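Asker: A single structure is presented below for examination.
The values are calculated or read from the model by the stated rules, or taken from the named source; none is laboratory data. Remember, predicted model here, so these are calculated numbers, not experimental data. Here the Cβ positions follow ideal geometry from the backbone for every residue, glycine too, while neighbour counts run over all protein chains shown. SASA here: full protein model, heavy atoms, side chains in, ligands and nucleic acids out. Shrake-Rupley method; radii C 1.70, N 1.55, O 1.52, S 1.80 Å.
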Amino acid sequence: MSAPISIVIPTFDSQTELARSLMTLMEGLHAGLIRELVIADGGSTDHTLRIADEAGARIVAGAGSRTAQLRVGCDAAVGDWLLIIRPGTELEPGWTDAVAEHLVTQRPGVFRLGYLSSGLSPSLTAGWANLRSRVFGLASGDQGLLLPAQLYKAAGGYPDQPGKEEALMRSLPRATLLRARAITGAGRRGRTRPEAPPQ
């Protein structure tokens, strides 16, 4: 049986952030969960593409907004499940247990948000995001999104419009808040091509 998950990451000059994310994804390879890594790149000029190539990723061009990158990346994925994360997101140790447990549900799932930095502001931001996910089933891009590929297609995928990344979440069944955290840092969340203003 093939591993079920396609990892999709949108990148743009994300060499440092991508390397950090890939380190934490190794756990998924060892657990037999990851089928492929799809990098939807927006025209990087640093070492992002070299890092992706060395990791065995399939690289697709996603010129335009981050939403467009995500659409191209998800459309190219072949796994039964999609795990969409931003460069700079680090999944905490043990994340594979939470994901494997969730796969039987056939529902969307999002990680609990955590920040590398401590203090009141990061705690409040993470607390609000996690409460929003628990109550409304919505999530920020930093939390990642795990969902069946067929459900993604049935929902119409990411809209082909800049700045509409959250529109997909609103068209899906209510997401489950997973037991594992996606950890990010306010100063290095990973860059993507700047969103163009809606026409």
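Asker: Grab the other residues whose beta carbon is less than 14 angstrom from that of Arg181, score K and R as +1, D and E as -1, and report the net.
Answerer: With Lys, Arg at +1 and Asp, Glu at -1, the net is -2.
Asker: Roughly speaking, what is the stretch gain from Asp80 to Leu151, that is 0.36 nm per residue apart minus the C-alpha to C-alpha distance, in nm to one decimal?
Answerer: Length difference between fully extended and current span is 24.6 nm.
Asker: How large is ³J(HN,Hα) for each residue in segment 138-154, as worked out from phi by the Karplus curve 6.51 cos²θ - 1.76 cosθ + 1.60 (θ = phi - 60°), to whole Hz, x for Gly and Pro?
Answerer: 9, 8, 7, x, 5, 7, x, 9, 10, 7, x, 4, 5, 5, 4, 5, 5
Asker: While we're looking at this one, here's another question. Accessible area, 1.4 Å probe, largest first: how do Tyr115, Tyr158 sort?
Answerer: Tyr115, Tyr158
Asker: State, as an integer percentage, the relative contact order of segment 1-67 based on alpha-carbon contacts under 8 Å between residues 6 or more apart.
Answerer: So the answer I get is 39 percent.
Asker: Percent of accessible area on segment 36-86 owned by carbon and sulfur, 1.4 Å probe?
Answerer: Heavy-atom surface of segment 36-86 belonging to carbon and sulfur, 1.4 Å probe: 49 percent.
Asker: Taking θ = phi - 60°, what integer Hz values does the Karplus form 6.51 cos²θ - 1.76 cosθ + 1.60 yield along segment 158-168, in sequence order, with x for Gly and Pro?
Answerer: Here the 3J(HN,Hα) series is 5, x, 7, 9, x, x, 10, 4, 6, 4, 4 Hz.
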